[in-house]
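Heads up: the structure comes next, in structure tokens.
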Amino acid sequence: MPQHSRPIRIAPSLLAADLLNLQKEIEMVTSAGADWLHLDIMDGHFVPNLSFGPDFVRQIKAVSSLPIDVHLMITPTDAFIDAFAMAGANCLTIHPEAGFHNHRSLQKIRDHGIKAGLALNPGTPIEAVIPLLGMLDLILVMTVNPGFGGQNFISLPLEKLKELRTLIDTKNLPILLEVDGGITDHTAPDVLKAGADVLVAGNYIFSKDCAPSVQVYRSRLESLGKK
């Protein structure tokens, strides 16, 4: 099977949405074909910004049936896993640098019956993932340094993404590869070719009409499949 024939999930990042009209924004991306809703949780400590808490997840869950993909950019992580899981997160992704016992943190997530993910910053080596592969449902490859939306795409992590794709396929592991940071209709094709399963996009989707933005990804993917 060619690399680019895998099903691709599109996950709009709510950090870039109009929060005063959030339900409408969620309805728009849902009707446009979004697969997940991505939520960045930032604490002003692990990353230089503040965002949302568990109650925000609970409110989104009340108005949407889409899976909620929660990216925890916080430390300590373990103290908040239960709260976000019980609020309705379908996937919780942590950073290896955010805690001392990543295996235990991932097990704590999986104990809730939800997906567990590990995020790799541009400067985080692929070796951080290797001992934890058996605990992972998802690996998030960051193509920006986390903390702010609207940053420019960093191409260096594409090599890491290719290595992970090969590793996952060789070992036949049920792990999704997610990419977040500077994803647009121009960068998405390279990300898909490198092996991504899930594309996260914020400003690109919410700074224009949601439907064409989501559909552009679909059309780009279809064009890749014809090559």
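Each residue in the range 96-140 was checked for being touching a Ser or Thr at 6+ places or on another chain (Cβ under 7 Å) and of a type in the set (Gly, Ala, Ser), and 5 of them qualify.
Annotation note: of 167, 106, the sole residue that is over 20 Å from residue 42 (Cβ atoms) and surrounded by 21 or more Cβ atoms within 10 Å (Cβ to Cβ) is 106.
Of all residues in the range 91-106, exactly one satisfies the criterion of being assigned to a helix (DSSP H, G or I), closer than 11 Å to residue 120 by Cβ and in contact with a strand residue (DSSP E or B) (Cβ under 9 Å, 6 or more places away or on another chain), namely 96. Restricting attention to the range 63-84, the residues being in a helix (DSSP H, G or I) and either under 16 Å from the mean Cα position of the chain (by Cα) or within 14 Å of residue 14 (Cβ to Cβ) (or both) number 2.
Residue 97 - would you say it is surrounded by 18 or more Cβ atoms within 10 Å (Cβ to Cβ) and acidic (Asp, Glu)? No. Of the residues screened, residue 46 is one that is part of a loop (DSSP other than H, G, I, E, B), farther than 18 Å from residue 88 by Cα and either out of contact with any Leu (no Cβ under 7 Å at 6 or more places or on another chain) or at pLDDT below 95 (or both). If I filter the range 139-160 for residues that are assigned to a strand (DSSP E or B), buried (at least 20 other Cβ atoms within 10 Å of the Cβ), at pLDDT 95 or above and touching a His at 6+ places or on another chain (Cβ under 8 Å), do I get at least one hit? Looking for residues that are assigned to a strand (DSSP E or B), buried (at least 20 other Cβ atoms within 10 Å of the Cβ), at pLDDT 95 or above and touching a His at 6+ places or on another chain (Cβ under 8 Å), one finds at least one in the range 139-160, hence yes. When 109, 60 are screened for being touching a residue at least 40 places away in the same chain (Cβ under 8 Å), β-branched (Val, Ile, Thr) and part of a helix (DSSP H, G or I), only 60 passes.
Taking the criterion of being out of contact with any helix residue (DSSP H, G or I) (no Cβ under 8 Å at 6 or more places or on another chain), of a type in the set (S, T, N, Q) and in contact (Cβ under 8 Å) with a residue 24 or more places away in the chain, the only residue of the range 167-214 that qualifies is 187.
Of all the criteria given as (1) in contact with a helix residue (DSSP H, G or I) (Cβ under 6 Å, 6 or more places away or on another chain); (2) crowded, with 16+ Cβ neighbours inside 10 Å; (3) under 26 Å from residue 80 (Cα atoms), the one not satisfied by residue 8 is (3). Please go through (1) surrounded by fewer than 17 Cβ atoms within 10 Å (Cβ to Cβ); (2) farther than 17 Å from residue 147 by Cα for residue 53 and return the number of the only condition it doesn't satisfy. Answer for residue 53: the failing condition is (2).
The values are calculated or read from the model by the stated rules, or taken from the named source; none is laboratory data. Model, not experiment: these values are computed from the prediction. So basically every Cβ, Gly included, is an ideal-geometry build from the backbone, and we count neighbours across all protein chains shown.
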